[in-house]
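Okay, structure first, notes after.
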Amino acid sequence: MNTWWTSDFHFGHANNIFYCNRPFKTVEEMNETIIKRFNERVKEGDLVFFLGDFCFKSGSGRGEGEPIKPQEYLKKLNTRNIIFVEGNHDSRGRNGFKTPIQSVVIRYGGQRMNLVHKPEHANYNFKINIVGHKHEKWFCQRFYKDKKFTDCINVSVEQNNYYPFSWNEIWQRYTQWLKIIK
């Protein structure tokens, strides 16, 4: 069993192509590419930490989102062993999964860390917070609060060419970033 980290698929969210400068012509191409790249890496039984914003399902008639239920996207993924952390587009159950999980604390790769969607919700009692939400903006960022700091690592799909991250990929990029900021 392998473990993976990712976030911000925004399945069905056509405007996200524009908002995040995604290289897709249509929402269908975006959805298909993300599913294909997920399945190239993630196999049945693998564990995935999904840090928010799985899909964008519109019930408002605003012209955004598709009327496809999140379970239909989930059926196309190789594993059902996914721990969903609530994202800002998932709040109040709008993603259909109604996940009550807002953060997860894990120990992995010798590191104790907090997993949360938005960096603004990072826990400063942890050296590392794995986050999403920032899409293409940055991979690592250090935040300070009350004489403490935490490093946030962004696993949005834009950060890894629309593939989920392995721990080795995260750790390698993070340690390279640490050398730059010192």
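Beta bridges from DSSP with both residues in the stretch 3-181: antiparallel share about 45 percent, rounded to the nearest 5.
Restricting the count to DSSP beta bridges whose residues both fall in the stretch 105-182, what percent are antiparallel, rounded to a multiple of 5? Provide the component values of the computation, followed by the final result.
On the way: 10 of 17 bridges.
Given both bridge residues lie in the stretch 105-182, the antiparallel proportion sits at roughly 60 percent.
Inter-label distance, E32 to I181: 3.9 nm, where each label sits 7 Å from its Cα along the C-beta direction.
Just want the ordering: T150, T33, from fewest to most Cβ atoms lying within 10 Å of their own Cβ.
Details: T150 21, T33 16.
Lowest to highest Cβ neighbour count: T33, T150.
Model label points for E72 and R112, set 7 angstrom from Cα along the Cα-to-Cβ axis, are 4.4 nm apart. The C-alpha atoms of the chain define a longest principal axis, and helix 167-181 lies at about 50 degrees to it.
Using +1 on the beta carbon of Lys and Arg, -1 on that of Asp and Glu, and nothing else charged, what's the dipole of the stretch 3-181 about the Cα centre, debye to 20? Working shown, then result.
Values: 27 positive and 19 negative charges, 108 e Å.
Dipole about the Cα centre, nearest 20: 520 debye.
Think of the chain as a dipole: +1 on every Lys or Arg Cβ, -1 on every Asp or Glu Cβ, centred on the Cα centre; then among V27, V155, F54, V155 lies furthest on the positive end. Remark: I35, I101 ranked as I101, I35, counting other beta-carbon atoms within 10 Å and listing the fewest first.
Provide the three semi-axes, in whole Å and in decreasing order, of the ellipsoid equivalent to the stretch 98-182 as defined by the square roots of 5 times the Cα gyration tensor eigenvalues. Each step should come with its number before you reach the end.
Values: eigenvalues 61, 59, 35 Å².
Gyration-tensor ellipsoid for the stretch 98-182: 17, 17, 13 Å.
Say the cut-off is 22 Å between C-alpha atoms; which of K147/K182; K36/K118; K98/K145; K98/K137; K145/K182 go over it?
Working: K147/K182 18 Å; K36/K118 26 Å; K98/K145 31 Å; K98/K137 27 Å; K145/K182 19 Å.
The pairs that break the limit, which is 22 Å between Cα atoms, are K36/K118; K98/K145; K98/K137.
Here's how it looks for A14: its modeled amide H is under 5 Å from those of G65, which are all 5 or more places away or on a different chain.
Among the GluC sites (Glu not before Pro) in the stretch 1-54, those placed in a DSSP loop whose Cβ has at most 12 other Cβ atoms within 10 Å are E44. When M113, M30, M1 are arranged by Cβ crowding within 10 Å, least crowded first, meaning fewest neighbours, the order is M1, M113, M30.
The angle separating the long axis of helix 27-41 from the principal Cα axis of greatest extent in the chain is about 50 degrees.
Relative to the globular-protein estimate of 2.2 N^0.38 Å, the Cα radius of gyration of the chain stands at 1.00. Each Lys or Arg adds one and each Asp or Glu subtracts one; over the other residues with Cβ under 15 Å from the Cβ of N21, this totals 0. Across the chain, the relative contact order, built from alpha-carbon pairs under 8 Å that are at least six residues apart, equals 22 percent.
FYI, it's all coordinate maths here, none of it is from the lab. The model shown is predicted, which means the values in this text are computed figures rather than measured ones. Note: ideal-geometry Cβ built from the backbone for every residue, glycine included; neighbour counts use all protein chains shown.
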